[in-house]
Amino acid sequence: MKLATLRHGGRDGTLVVVSRDLARCQTVGEIARTLQQALDHWDDVAAALALVYDMLNNGHARHAMPFEPRHCHSPLPRAYQWADGSAYLNHVELVRKARGAELPPQFHLDPLMYQGGSDSFAGPCDPVLACDEAWGIDFEAEVAVITGDVPLGAAAAQCAQQIRLLMLVNDVSLRNLIPAELAKGFGFLQSKPASAFSPVAVTPDELGPAWQDAKVHLPLEVRLNGELFGQPNAGADMSFNFAQLVAHLAKTRELEAGSIIGSGTVSNKQGSLSGSSVANGGVGYCCLAELRMYETIETGKPATPFMRFGDRIRIEMRDGNGASIFGAIDQVVERCTPPA
């Protein structure tokens with residue numbers, strides 16, 4: 001089943017069921033007005049939503065309309081919780097290696113995770129807003145899950161049963177603001193503006209055999225200004241699966257339905273700088289920082305700039321037949337002028 005949120009209908013938008021080919025959708029206000037309402041009552045409404053989905057796919061829906069991603073908000077325009085992990089240790093190892101530090105052994109045992117802002121997400125086609133290019137504007141292509149209610153202390157196997165939906169994420173980072181924030185010892189804040197999620201959230205069964213061991217075993221396609229920048233496999237080199245990430249968060253708190261947990265930047269182990277880019281036969285990268293880390297390790301300094309105003313980032317995942325699963329996050333970096 002595929003679900004999306006149209007912008008009209010108030011701050012939390014209007015829930016629609018979307019056909020598998022992303023061509024048509026239908027509002028379902030008689031079942032659930034918003035995605036959060038559907039998540040709050042999932043056991044009661046999931047079957048009815050699935051029936052609408054089947055009718056859309058079979059061409060029998062009475063009130064279907066064209067599906068337009070540009071009219072979408074993020075599936076959850078705001079959420080009770082957004083926590084982002086760093087499940088791809090290759091990415092973490094490169095960060096530390098670029099500054100001459102080793103990866104601590106405990107990083108292999110316990111996931112990294114930070115609490116992000118969830119009061120307002122960007123839509124999948126909204127601009128990436130920043131006031132200054134000097135902030136070091138970067139994209140981070142990830143996968144995320146939305147959970148049902150998760151009790152405090154739930155084990156990973158229990159958490160796996162509460163994964164309701166999956167989405168893609170652009171977890172925007174302002175890289176040049178990060179060092180000063182981390183030096184304070186309290187983590188990210190200003191360096192993490194609003195994240196954007198894919199137009200569509202899907203139930204795990206939509207992925208078929210690509211959903212195994214609570215991981216998505218498909219390439220994540222990243223295009224920067226129209227050029228293929230990365231296509232690493234989201235299931236490869238994921239040191240902690242989504243069930244483990246959810247369990248990590250639930251160790252000391254219960255999670256409410258509608259909690260979002262991200263994978264962190266998708267990253268595959270590769271060889272050298274010369275062999276890691278798509279142009280040289282590698283799988284490329286899901287953020288600019290990773291390319292800059294390869295450059296720093298091998299040449300002593302980064303050569304690739306961060307994003308500039310007017311740059312475009314597109315993030316998408318396709319099934320085995322080449323069809324888009326979630327729709328695309330498609331954003332342009334724009335200057336934001338603070339209010340007078």
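Points to keep in mind about this one:
- Total charge dipole magnitude, the range 210-340, about the Cα centre, Cβ charges on Lys, Arg, Asp, Glu only, Debye to nearest 20: 220 debye
- The range 247-279-the range 1-71 distance, computed between alpha-carbon centres (Å): 28 Å
- Given the alternatives (i) 61, 47, 44; (ii) 87, 38, 37; (iii) 68, 64, 36, Cα extents along the principal axes in Å as computed for this entry is given by (i).
- Taking the 1.4 Å solvent-accessible surface of the range 30-160 as the whole, the part contributed by carbon and sulfur is 52%.
- Solvent-accessible surface (1.4 Å probe) assigned to K97 amounts to roughly 120 Å².
- GNM result for the chain, Cα springs below 10 Å: residue of L109, L288, L174 fluctuating most strongly: L109
- Three-way shape label, the range 155-200, alpha-carbon gyration tensor, a/c 1.5: oblate
- Surface accessible to a 1.4 Å probe, per residue, for the residues of the chain, Å²: 44 Å²
- Accessible surface, 1.4 Å probe, highest first, among residues D43, D205, D149: D43, D205, D149
- If you take the Cα centroid of the range 154-169 and the Cα centroid of the range 84-133, the two points sit 20 Å apart.
- Overall shape: oblate for the range 281-340, with the ratio a/c of the largest to smallest alpha carbon gyration tensor axis at 1.5 or above and b/c at least equal to a/b.
- Of all accessible heavy-atom area on the range 190-300, the percent that carbon and sulfur account for (1.4 Å): 46 percent
- Of V278, V18, V216, the one that fluctuates the most in a GNM where the chain has Cα springs shorter than 10 Å: V278
- Using only the C-alpha atoms, the convex hull of the range 1-106 corresponds to 166 Å³ per residue.
- Candidate residues S74, S272: accessible-area rank, largest first, probe 1.4 Å: S272, S74
- Under 15 Å from the Cα of K269 - aspartates and glutamates, other chains or at least 8 residues apart: E93, D237, E290
- Rounded if a/c under 1.5, otherwise prolate or oblate - the range 115-270, Cα gyration tensor axes: oblate
The values are calculated or read from the model by the stated rules, or taken from the named source; none is laboratory data. Worth saying up front: this structure is predicted, and the values here are computed from it rather than measured. Every residue, glycine among them, receives a Cβ derived from its backbone with ideal geometry; neighbour counts consider all protein chains shown. Side chains included, ligands, DNA and RNA excluded: accessible areas come from the protein's heavy atoms. Shrake-Rupley method; radii C 1.70, N 1.55, O 1.52, S 1.80 Å.
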